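**Student:** What follows is a structure written as structure tokens; I'll ask about it next.
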Amino acid sequence: MIAPEPRKTRTTSARPTLAALLAITALGVVACGTMLVEVPLETPIQAKLDVSAFQRVLIAGFVAGGSEDVDANQETVRLLRSQLRSKSSFRVLDADAMPLVTIAQDQQKAASGDAAGNLSAGDSSGPMALPERIREEKDLEPYERLFANTAYWRRIGEEYQNPLIVTGTVLFTPHTRSGFVNRDVEQYDSFGRRRVAPVRTFLERKGFILRPKFVFIDGRTGATIHSESYREEVLYNAQQNTPALSSYFELMDRLVPNFLSALSSQKVRGTRVLLL
């Protein structure tokens, strides 16, 4: 038995109508998708260290070197204290930034005196010399033994009622780099039509490198409980005159969230874009 012809005709005519409806719906979705809404988000980050035993924190000072245009010891102490006061529950202790380079050199002289006494007893070993001027990373290496001097840091802890002590090294050095970089350049053809094309250009750039190492010491025992090292770099066009202190703060802004996350839980704020 053959199916009635009208049934076949109705089915065939309905297909283009359905396709048209789907096309119209898709256009509507695309049109609505051009409406962007930013939704604020907060992501909690747990602290890396368990510092529940400490109510006080002492930002003691740093072995600093590099650029003479910035006192990296003083500036780092001020910045970290300010950040901890506003973004942690610690009681931040007020004290002069410790001149750790001078302190380490004094300890070196005392150790040299002891070594001289040992030489007479047949012991030829002695402490490694400390560079008077810190210019690069290798100059910091002999200063590392200062942070292993538990007796010294225990005395500092007793003086300030056993706080968490934050110290370390900071190297802030000028830096230059030359090479080819891609730059977007506007171009116009003979008809006046504009287009943007990438062009490789040789540039000389200058800036700074910041290498801090944060050392966390238990003021009750003088022992190091944690340390973290970072490296950040910023470069500018050679014609741009950016003050060294401005570059220092620009680089520290990138590092401060990592420093804070070691001591206390933080909330990273951001946004998510939704299409409506």
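Every number here is computed from the coordinates shown, using simple stated rules; none is lab data. On a predicted model such as this, the values are computed, not experimentally measured, just so you know. Here Cβ is always computed from backbone atoms with ideal geometry, including for glycine, and neighbour counts include all displayed protein chains.
**Student:** Please identify every one of the chymotrypsin sites (Phe, Trp or Tyr not before Pro) in region 128-200 that sits in a loop by DSSP and has no more than 10 other beta carbons within 10 Å of its own beta carbon. Display every interim value, and only then the final one.
**Tutor:** Values: sites: 143, 147, 152, 153, 160, 172, 180, 188, 191; in loops: 160, 191.
Counting only loop positions with at most 10 other Cβ atoms within 10 Å, the chymotrypsin sites (Phe, Trp or Tyr not before Pro) in region 128-200 are 191.
**Student:** What FRET efficiency comes out for the pair residue 190/residue 56, r = Cβ-Cβ distance, R0 = 41 Å, nearest 0.05?
**Tutor:** In this case the efficiency is close to 0.05.
**Student:** How much length is gained on full extension from residue 244 to residue 39, taking 0.36 nm per residue of separation minus their Cα-Cα distance?
**Tutor:** Numbers: separation 205, 0.36 × 205 = 73.80 nm, distance 3.66 nm.
The residue 244-residue 39 span can extend by a further 70.1 nm.
**Student:** Please work out the FRET efficiency for the pair residue 230 and residue 95, using the Cβ-Cβ distance as r and a Förster radius of 25 Å; give the result to the nearest 0.05.
**Tutor:** On the way: r = 24 Å, r/R0 = 0.97.
According to the calculation, E is roughly 0.55.
**Student:** While we're on this one: Filter the trypsin sites (Lys or Arg not before Pro) in region 180-232 down to the DSSP loop ones having no more than 13 other Cβ atoms within 10 Å, then list what survives.
**Tutor:** Qualifying residues, ordered by number: 193, 231.
**Student:** Also: Between residue 221 and residue 74, what length comes free when the chain is fully extended (0.36 nm per residue of separation minus the Cα-Cα distance, one decimal in nm)?
**Tutor:** 50.3 nm
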